[in-house]
Amino acid sequence: MKPVYIHSVGSVSAQKTFENEEFLNEIREYNDTTVKVIDPNYKDFIPPAAARRMARGIKMSAVSSKNALTEAGLENVDAIIVGTGLGCIGDSERFVSDIIKNDEQFLTPTRFIQSSHNTVAGQIALGLGCKGHNFTFVHSAISFESSLIDAKMMLENDEAITVLVGGVDELVDHHVETHRLIGHIKKEPLASQDLLKSKTEGMVMGEGSHFFVLSNEKTPSSYSELLAVRTFNTISKDRLNQKINRFLESQQVSIEDIDLIILGNNGDINFDDYYKQLTTGIFANTAQAYYKHLSGDFDTASGFAFWLANKILKTQHIPDVVKLNAIESSSLKTILIYNQYRGENHSLTLIRKC
């Protein structure tokens with residue numbers, strides 16, 4: 001099977017990441033229970049008339065996907081694969097609200113058309129004129145990883161040469177209030193720099209869109225090679241080390257070969273123990289990083305981690321703001337990303353510098 005490479009990245013997040021030439025040079029700090037993206041100037045990417053009719057998730061994805069394609073020097077791709085936990089839920093909510101307000105009469109179809117989960121992938125394909133494989137994965141907190149797995153299998157089996165892969169989720173009021181009601185969002189505002197000190201339940205919810213061009217052909221500007229992606233529905237804490245060791249062994253990689261591990265700590269006192277078990281256990285002597293204090297937590301937040309890992313390999317620099325410990329690596333070649341949400345939907349992603 002052919003190897004798989006990441007050619008380019010594109011990100012719209014709660015940090016200023018939509019400009020690829022910058023890498024967390026200017027950090028946005030927050031003190032809240034939710035955090036929204038820093039909106040780029042959408043007029044630079046989308047005609048204003050079209051932008052007015054687009055949901056926020058579509059606009060974010062239009063920018064991040066275009067940046068990824070531009071950096072890769074491509075006008076089109078062979079396939080488009082998107083992961084999302086909730087799709088364009090904002091338009092879904094507004095459409096249902098309009099049904100109630102208008103007594104089920106005189107409804108415009110736009111919000112209904114844009115409310116489906118596959119709207120983002122479809123809109124990107126329409127804009128590019130891409131008639132190839134177009135798929136959307138809705139797998140909760142492993143939606144982005146599911147997209148990576150699909151793309152990896154396509155490229156390994158020579159079913160495509162270039163694939164645009166992304167993950168996107170947006171913040172909407174009703175969804176936030178629902179999660180707040182069931183205790184999944186923190187009750188009190190939390191400063192981003194205090195995330196690891198949190199002693200309360202729940203997360204700080206965020207949003208974002210992250211796109212990448214993957215290919216089975218290596219170029220001088222490629223960021224990394226995607227070695228493996230694995231997902232698990234559930235893992236008990238006492239078997240976590242065993243699962244990770246087996247995952248690495250399957251790729252002929254040892255714990256000592258990992259130059260950096262990126263973890264999905266979200267400040268939830270009930271579930272951050274998964275990460276603590278690794279930071280104080282098998283990866284105690286490995287450089288460690290985290291990211292959800294910058295991006296917030298959402299179903300495809302691991303897309304931010306994937307963006308971060310690739311930028312670290314490209315620049316050979318770990319920004320101080322994401323460091324979990326003071327261990328330094330002489331060279332950054334292999335990075336492992338581990339994420340889970342409330343003890344479920346665990347994912348392991350392994351990448352290596354080209």
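Please treat every number below as a calculation from the coordinates, not as lab data. Since the model is a prediction, treat every value here as computed from it, not as a measurement. Neighbour counts are summed over all protein chains in view; Cβ atoms, including those assigned to glycine, are modelled from backbone coordinates with ideal geometry.
Tabulated data for the structure shown
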quantity: Top-ranked residue in segment 1-34 [being in contact with a Ser or Thr (Cβ under 8 Å, 6 or more places away or on another chain) and among the β-branched types (Val, Ile, Thr); ranked as surrounded by the most Cβ atoms within 10 Å (Cβ to Cβ)]; calculated: 12
quantity: Count - residues of segment 298-310 that are of a type in the set (A, V, I, L, M), touching a Gly at 6+ places or on another chain (Cβ under 8 Å) and in contact (Cβ under 8 Å) with a residue 60 or more places away in the chain; calculated: 1
quantity: Flag for residue 149 being free of Cβ contacts under 8 Å to residues at least 12 places away in the same chain and under 28 Å from residue 56 (Cα atoms); calculated: no
quantity: Residue 80 being in contact (Cβ under 8 Å) with a residue 60 or more places away in the chain and under 21 Å from the mean Cα position of the chain (by Cα); calculated: yes
quantity: Residues satisfying the stated conditions in segment 51-69, i.e. free of Cβ contacts under 8 Å to residues at least 40 places away in the same chain and over 16 Å from residue 208 (Cβ atoms); calculated: 51, 52
quantity: Residues of segment 202-228 classified as among the β-branched types (Val, Ile, Thr) and within 15 Å of the chain's Cα centre (by Cα), total; calculated: 1
quantity: Within segment 293-334, tally of residues that are under 20 Å from residue 141 (Cβ atoms) and acidic (Asp, Glu); calculated: 2
quantity: Flag if residue 262 is under 27 Å from residue 33 (Cβ atoms) and either in contact with a strand residue (DSSP E or B) (Cβ under 8 Å, 6 or more places away or on another chain) or not acidic (Asp, Glu) (or both); calculated: yes
quantity: Selection count where residues are under 15 Å from residue 205 (Cα atoms) and of a type in the set (D, E, K, R), scope segment 23-49; calculated: 3
quantity: Per-region count, segment 311-333, residues surrounded by fewer than 22 Cβ atoms within 10 Å (Cβ to Cβ) and in contact (Cβ under 8 Å) with a residue 60 or more places away in the chain; calculated: 12
